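Enquirer: Have a look at this one.
The values are calculated or read from the model by the stated rules, or taken from the named source; none is laboratory data. Note that the structure is predicted; figures quoted are calculated from it, not measured. Cβ sites come from the backbone with ideal geometry, for glycine too, and all protein chains shown count toward neighbours. Side chains are part of the model used for accessible areas, which takes the heavy atoms of the whole protein and leaves out ligands, DNA and RNA. Shrake-Rupley method; radii C 1.70, N 1.55, O 1.52, S 1.80 Å.
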Amino acid sequence: YTVESITMAPKKQLLAVKGISEAKVEKILQETAKLVPMGFTTATEYHASRSELIHVTTGSKELDKLLGGGIETGSLTEMFGEFRTGKTQLCHSLCVTCQLPAQQGGAEGKAMYIDTEGTFRPERCRAVAERYGIDPDDVLDNIAYARAYNSDHQQQLLVQASAMMVESRYAVLVVDSATALYRTDYSGRGELAARQMALGKFLRTLTKLADEFGVAVILTNQVVAQVDGGASMFNADPKKPIGGNIMA
């Protein structure tokens, strides 16, 4: 745990730690509040802090323009689309470009990749590295990879990710895809509420990691077609990202 993670944690989560009483929790929170500012600040100060945010290049100048300079660090970015639209390829590219110097649009940090569908291919990263003239072996050494096999495992991997981020500087965390395992582990309308709660917890943990370590979190998401007459002249595309309001 870092000081920031303790400060952001709800009191009941700290009370669940064995051997810590309520009085100790109160004292811990009082001390961490002295180290991490949790109160109000002026919009001017917040604007100044945001102006220092690093943007990681996607490798495409036109796409970087649309994104205001690239993928923003310290926040979550969702990419959704149909199968074979380039989501995973863009994730591979970001795992390389985040290692570039800041002058070249990079963030001078390592990458972390959580793969839920078995689509990660190291040879793609090697090809992107060769494009930028950097050693492919060094690039792969700086990418931490994990395959998630179920939604609980996917959540547990974020605990390991947090511990690794304490030890080393990571610039990008990719989850490809964020919702695939939740679709299979929770089926039918009867488990919809449980699925949305689990997905909400996962996204909240990602937000904490982005806030705490300043990493750029990239989520890929699948789409589902509306079959309830949603397509019309005013809504030509019936496809929408999975996850509903939780993902939005």
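Enquirer: Considering each of 166, 139, 175, 128 in turn, give the residue that is surrounded by fewer than 14 Cβ atoms within 10 Å (Cβ to Cβ) and within 26 Å of residue 53 (Cβ to Cβ).
Expert: Being surrounded by fewer than 14 Cβ atoms within 10 Å (Cβ to Cβ) and within 26 Å of residue 53 (Cβ to Cβ) holds for just one of 166, 139, 175, 128, which is 166.
Enquirer: Please determine, by comparing only the residues of the stretch 24-82 that are open to solvent by 100 Å² or more (accessible area, probe 1.4 Å) and polar (S, T, N, Q), which one is modelled with the highest pLDDT.
Expert: This residue is 44.
Enquirer: While we're here: Residues in the stretch 184-220 that are without any contact (Cβ under 8 Å) to a residue 60 or more places away in the chain, charged (D, E, K, R) and within 30 Å of residue 110 (Cα to Cα): how many?
Expert: Matching residues across the stretch 184-220 total 2.
Enquirer: Another question about this same structure. What residue, of 58, 85, 77, is of a type in the set (S, T, N, Q), without any contact (Cβ under 8 Å) to a residue 12 or more places away in the chain, under 27 Å from residue 122 (Cβ atoms) and not in a helix (DSSP H, G or I)?
Expert: Residue meeting the stated conditions: 85.
Enquirer: Which condition breaks for residue 91 when tested against (1) modelled with pLDDT of 90 or more; (2) part of a loop (DSSP other than H, G, I, E, B); (3) closer than 30 Å to residue 124 by Cα?
Expert: (2)
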